[in-house]
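The values are calculated or read from the model by the stated rules, or taken from the named source; none is laboratory data. In this text, all values refer to a predicted model and were calculated from it rather than measured experimentally. For the accessible areas, the whole protein counts, side chains as well, though only heavy atoms, and no ligand, DNA or RNA atoms are used. Shrake-Rupley method; radii C 1.70, N 1.55, O 1.52, S 1.80 Å.
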Amino acid sequence: RMSSGNAIDFQDLMSRFSLDSAAEFLFGYNVHSLTAGIPYPHDAVHVPPNYVTPQAHSASEFANAFLQVQEIIARRNLYGWIWPLMEIFEEKTKKPMEIVRAFLDPIIKEALIKNANKPKDKSKEEECHVEEGETLIDHLVRLSSGGCLSIASTKD
């Protein structure tokens, strides 16, 4: 790319890397956003057709929708307490959140199923500790379904 004289959007690459890394850490699932083609600058003379895998396209849609939601919420903060009036006819986060939910729901359902299929031979105290190789979502599902939250709140 650089040998052809086109710029590389480093911010885009770092954003994709962050998305892949965070998804792997949080969900144990690599979204493969780095496999999507690198965007060409707006002034590029020749832009070759770019093959994007369905998984990369899904990750790109998720990242864009997530960014839109963040921007909308930031704008709400600027409006202050009257922000609901700005959305009286349409909730602005509805469409991008549908994409975010469509992306995350299968991952969350998989974690719930994985937790339900685990043997329950541990005491409540042992069940609250982090296990080796456990993702954040696995841990949160186990904590919320295992009663660890009630144990933590009653300890001295």
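Would you mind pulling out the separation of the Cα centroids of segment 1-39 and segment 65-103, in Å?
Here the two parts' Cα centres lie 25 Å apart.
How much length would be gained if the chain were fully extended between Asn30 and Lys118, taking 0.36 nm per residue of separation minus their Cα-Cα distance, in nm to one decimal?
Between Asn30 and Lys118, full extension yields an extra 29.4 nm.
Could you put Arg16, Arg101, Arg75, Arg142 in order of accessible surface area, largest first, with the 1.4 Å probe and the full protein assembly present?
Arg101, Arg75, Arg16, Arg142
Run the numbers for Leu85 and Asn6: contour at 0.36 nm per residue of separation, minus the present Cα-Cα distance, in nm.
The Leu85-Asn6 span can extend by a further 23.9 nm.
How would His46, His57 line up by accessible area, probe 1.4 Å, largest first?
His46, His57
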